[in-house]
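Heads up: the structure comes next, in structure tokens.
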């Protein structure tokens, strides 16, 4: 069992996971611990997390890991204040599974329950697939149904179809 800073004993691991994932992402951008090697964790193209080849079935555990995920150059790491371990990400660590129109612009919801509004800090990018920046250089691939919703929301400007959000215009189709 874990011991809390206040000296209370017997805090269950499930309680720690629930509280950590409820707070959202950790401030990993402030942490620069030593690299400790690789760990056999992989995020496949569909957004499923695997440990030693087996899918991680507990969504709370996956959200906890996602909250300590950091990207450096083209590598992904799970980071704590005292250690950093490399993991494998096949495409992106997140999937944008829904979008909504809000007064500030188009918001995206990820498979980790993070919500961002497309704009200067969270641009939409068209590549082999559509993507939206989530945090710390990490993107979410926009899933098919969400992309179709974006197409329905698109407007034409100067012969280009796109989405206006956060004071920017993001082309989603050349016209």
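The values are calculated or read from the model by the stated rules, or taken from the named source; none is laboratory data. Note that the structure is a prediction, hence the values are computed from the model and not measured. For neighbour counting, all protein chains shown are included, and Cβ atoms are generated from backbone atoms with ideal geometry for every residue, glycine included.
Here are some notes:
- Residue match in segment 18-32 (condition: at pLDDT 55 or above, farther than 23 Å from residue 135 by Cβ and surrounded by fewer than 16 Cβ atoms within 10 Å (Cβ to Cβ)): no
- Selection status of residue 109, out of contact with any helix residue (DSSP H, G or I) (no Cβ under 6 Å at 6 or more places or on another chain), outside the structural domain of residue 52 (by TED's automatic domain parsing), surrounded by 13 or more Cβ atoms within 10 Å (Cβ to Cβ) and not in a strand (DSSP E or B): no
- Residue 101 meets all of the listed conditions (1) under 28 Å from residue 72 (Cα atoms); (2) at pLDDT 95 or above but one, namely (1).
- Within segment 138-161, if we keep just the residues that are part of a strand (DSSP E or B) and under 29 Å from residue 74 (Cα atoms), the residue that is farthest from the chain's Cα centre (by Cα) turns out to be 142.
- Tallying residues that are surrounded by fewer than 22 Cβ atoms within 10 Å (Cβ to Cβ), without any contact (Cβ under 8 Å) to a residue 60 or more places away in the chain and in a strand (DSSP E or B) within segment 96-106 yields 5.
- Looking only at residues in segment 120-137 that are part of a strand (DSSP E or B) and surrounded by fewer than 18 Cβ atoms within 10 Å (Cβ to Cβ), the one that is modelled with the highest pLDDT is 125.
- Only one of the listed residues (78, 69) is in contact with a helix residue (DSSP H, G or I) (Cβ under 9 Å, 6 or more places away or on another chain), more than 13 Å from residue 37 (Cα to Cα) and not assigned by TED's automatic domain parsing to the domain that holds residue 136. That residue is 69.
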